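Just below is one structure, and these are the notes that go with it.
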């Protein structure tokens, strides 16, 4: 799982959704997405060089950050 690689956070998967494919028309890539909920042991994020910012948001705000259009499917998949 890439949670630690991209954020420096350690955690445990507490809920898994079903794997699904999402076509990204912009980049012409089909993403394979495995949604899950991870409980982390810290809020101290150390981003990898690939990313420049992050923010903690409430569950009811997450769709405001849905750049690719698949987060609603992820949330439904893990029943949030």
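Where a number appears in this text, it was derived from the coordinates with a stated rule and is not lab data. In this text, all values refer to a predicted model and were calculated from it rather than measured experimentally. When we count neighbours, we look across all protein chains shown, and the Cβ atoms used for this are built from the backbone with ideal geometry, even at glycine.
Considering only segment 1-38, state which residues are part of a loop (DSSP other than H, G, I, E, B), out of contact with any helix residue (DSSP H, G or I) (no Cβ under 8 Å at 6 or more places or on another chain) and surrounded by 10 or more Cβ atoms within 10 Å (Cβ to Cβ). Within segment 1-38, 1, 8, 19, 34 qualify.
Residue count for segment 56-80 satisfying the condition of being touching a helix residue (DSSP H, G or I) at 6+ places or on another chain (Cβ under 8 Å) and either within 15 Å of residue 8 (Cα to Cα) or in a loop (DSSP other than H, G, I, E, B) (or both): 3. Taking the conditions (1) part of a loop (DSSP other than H, G, I, E, B); (2) surrounded by 12 or more Cβ atoms within 10 Å (Cβ to Cβ) in turn, residue 48 satisfies each one other than (2).
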